[in-house]
Amino acid sequence: MTSPAPARVATESYRERFPIFRHSVYLNSCSLGALSLRARERVNEYLDLWEGRGAAAWYDVWWAALAELRGRYGRIIGAAGSEIALHPNISSALTAVGESLDYSRRRRVVVTSLDFPTIAYQWLAKAGQGVEVVVVESPDDTRVPLEAIERAVDDRTALIATSHVFFTSGALQDAAAIAKIAHRRGALALIDGYQAAGQVPVDVKALDVDFYCAGGLKWLLGGTGVAFLYVRPELTPALLPRATGWFAHREQFRFDPRSLERHDDARRFEAGTPPLMPVYAQLGGLEVLEELGSAEIRRRTMDLTEDLIECARAAGLRPKVAPDPAERTAIVMLPSADPHRDVRRLADARIVTDARPGHVRISPYFYNVRDDHRAAIERLIRD
Ligand SMILES: Cc1ncc(COP(=O)(O)O)c(C=O)c1O
């Protein structure tokens with residue numbers, strides 16, 4: 001995200017804009033970012049237009065809102081709006097990539113054991129076409145060594161598809177190094193940034209990745225139903241997605257079933273009508289994020305994260321996080337013999353966290369304060 005440095009505004013003034021904090025301590029942004037007043041206002045704006053103008057709003061307002069969102073998503077990751085395709089979720093964005101590649105000479109796709117599995121599923125589903133998924137294992141369930149990824153990539157590799165931040169451990173991967181490994185072997189690199197964009201500054205040009213996807217659900221505060229795919233513009237003309245729809249057509253209102261002429265830009269990776277309510281919610285969420293700026297968000301979340309790790313250790317818990325603080329993000333896994341029971345106990349105290357196998361997962365964001373996770377830890381260690 002390349003937004004300008006913000007005025008230093010106290011956390012409290014942001015927290016007031018997220019009504020969930022009126023009754024709960026919210027520590028689960030890596031599952032679902034909290035709803036802001038601004039996102040609700042923007043959704044209401046959409047509902048008013050729908051009610052008042054119906055389809056007439058498409059042409060002078062909603063069409064522009066889609067372009068605005070592509071532009072804003074682009075700014076979040078250092079790309080142009082013309083390099084962004086809108087999708088309803090990450091799986092759909094992956095489909096657009098998966099159905100654009102030629103597997104005839106390169107049939108391997110390299111993923112890691114810590115990636116969200118929808119990445120692997122996209123290519124496991126192509127086993128019937130000869131596509132082979134290579135899973136690089138993690139030695140410690142936290143990170144995957146770059147050398148192991150490098151060993152798995154060869155001249156048969158079409159793509160490395162892996163996470164920017166692992167949902168399982170919060171560890172940040174070196175996406176630039178992964179892109180270099182791919183390119184050295186003539187392969188492409190796709191980074192799933194769903195757990196990164198928003199909480200970590202991203203510059204796809206500096207990372208030199210070929211594809212980058214993320215979306216509203218988590219750190220971008222847009223809720224469900226809206227995601228995006230960045231495609232390196234130099235690649236776009238050569239890629240002809242086999243999963244497509246009328247939004248990919250350069251003249252979609254020609255309604256011509258005889259020929260498919262794709263957009264020159266990343267819209268060729270889109271398919272059908274985007275869901276407008278999520279688009280509006282996302283525009284509202286992005287406004288809040290842009291105000292604060294990615295560097296300040298990272299600074300605030302890392303301050304909370306390091307304090308959370310320190311307090312957990314002091315309380316005798318052993319958080320599963322990357323050993324190097326520079327590789328950590330605001331997803332902290334606290335070992336638990338019965339995570340579902342612990343998450344319920346926390347919920348009884350109005351503290352919202354999440355359960356993952358063997359762990360309670362806590363994810364603070366810029367609207368949290370130290371007392372939030374400290375209260376969670378205190379509860380966890382009681383009895
Ligand atoms: C890193 C990552 N990728 C993808 C997903 C989910 O993808 P989709 O939008 O297809 O549900 C998640 C979790 O919801 C995730 O944490």
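The values are calculated or read from the model by the stated rules, or taken from the named source; none is laboratory data. Note that the structure is predicted; figures quoted are calculated from it, not measured. Backbone-built Cβ (ideal geometry, glycine too); neighbour counts: all protein chains shown. SASA here: full protein model, heavy atoms, side chains in, ligands and nucleic acids out. Shrake-Rupley method; radii C 1.70, N 1.55, O 1.52, S 1.80 Å.
Worth a mention:
- Segment 234-383, relative contact order in percent, only Cα pairs under 8 angstrom and at least six apart counted: 17 percent
- Take every pair of alpha-carbon atoms less than 8 Å apart whose residues are at least six positions apart; their mean separation over the length of segment 42-154 yields a relative contact order of 16 percent.
- Selected from ALA148, ALA96, ALA56 as most flexible by GNM, with the chain as the system and alpha-carbon contacts under 10 Å: ALA56
- Label-point separation in nm, LEU146 to GLU287, each point 7 Å along Cα→Cβ: 4.1 nm
- Computed Kirkwood radius, in angstrom, where 1/r is averaged over Cα pairs of the chain: 21.6 Å
- Considering only ARG184, ARG232, ARG361, the Gaussian network model of the chain with Cα springs below 10 Å gives its largest mean-square fluctuation to ARG184.
- For the chain, the relative contact order is 23 percent, taking Cα pairs closer than 8 Å that sit 6 or more residues apart in sequence and dividing their mean separation by the residue count.
- Set of segment 209-226 residues, backbone N closer than 14 Å to the point 7 Å along the Cα-Cβ line of GLU234: 209-211
- For segment 215-286 and segment 336-366, distance of Cα centres in Å: 35 Å
- By the rule of a C-alpha distance below 14 Å, with chain neighbours fewer than 8 residues away ignored, the aspartates and glutamates paired with LYS320 are ASP140, ASP141, GLU306, GLU310.
- For HIS359, residues with placed amide H under 5 Å, excluding near neighbours: SER336
- Of the residues SER36, SER82, SER259, the one that moves most in a GNM of the chain with alpha-carbon contacts below 10 Å is SER259.
- For VAL25, distant residues with modelled amide H under 5 Å away: ILE351, VAL352
- Coupling constants for segment 241-251 follow from the phi torsions by the Karplus curve (6.51 cos²θ - 1.76 cosθ + 1.60, θ = phi - 60°), and in residue order they are x, 8, 9, 8, x, 6, 6, 7, 7, 5, 10 Hz; glycine and proline get x.
- Among ASN368, VAL134, GLY215 the positive-end extreme of the charge dipole of the chain (Cβ point charges): VAL134
- Probe 1.4 Å, protein heavy atoms only - accessible area per residue of segment 268-383 in square angstrom: 40 Å²
- Of all complete DSSP H helices in the chain, those with a Cα span along the helix axis of 15 Å or greater and a mean Kyte-Doolittle hydropathy of 0.5 or more are 276-292.
- FRET efficiency for THR224 and ALA314, using Cβ-Cβ distance with R0 set to 35 Å, rounded to 0.05: 0.45
- Pairwise label distance in nanometres, PHE253 with GLU132, each label 7 Å out on the Cα-Cβ vector: 5.0 nm
- Extension gain, ALA80 back to SER113 (0.36 nm per residue minus Cα-Cα distance, nm): 8.7 nm
- Sequence-ordered 3J(HN,Hα) estimates for segment 198-206 from the Karplus curve with 6.51, -1.76 and 1.60 and θ = phi - 60° stand at x, 8, 10, x, 10, 9, 5, 6, 5 Hz, glycine and proline given as x.
- Apportionment of accessible area to carbon and sulfur, the chain, percent (1.4 Å): 53 percent
- FRET efficiency estimate (nearest 0.05) - Cβ-Cβ, ILE381 to TRP58, R0 56 angstrom: 0.55
- Probing with 1.4 Å while keeping every protein chain in the model, the per residue accessible area of segment 1-93 equals 48 Å².
- Residue-wise HN-Hα coupling along segment 318-332, computed from phi with Karplus coefficients 6.51, -1.76, 1.60 (Hz; x: Gly, Pro): 10, x, 8, 9, 4, x, 8, x, 5, 9, 8, 9, 7, 10, 10
- A Cβ-based charge dipole, computed about the Cα centre of the chain with Lys and Arg at +1 and Asp and Glu at -1, lands at about 400 debye.
- In the chain, helices alone account for a calculated mean residue ellipticity at 222 nm of -10500 deg cm²/dmol, with every DSSP H run of four or more residues adding -39,500 (n - 2.57).
- Largest accessible area first, the residues GLU270, GLU83 order themselves as GLU83, GLU270 under a 1.4 Å probe with ligands, DNA and RNA left out.
- Once the C-beta distance of GLU51 and ASP102 is scaled by a Förster radius of 51 Å, the resulting FRET efficiency is 0.60 to the nearest 0.05.
- For GLU132, the residues whose amide H sits under 5 Å from its own are ARG108, VAL109, ignoring neighbours fewer than 5 places away on the same chain, with H placed 1.01 Å from N.
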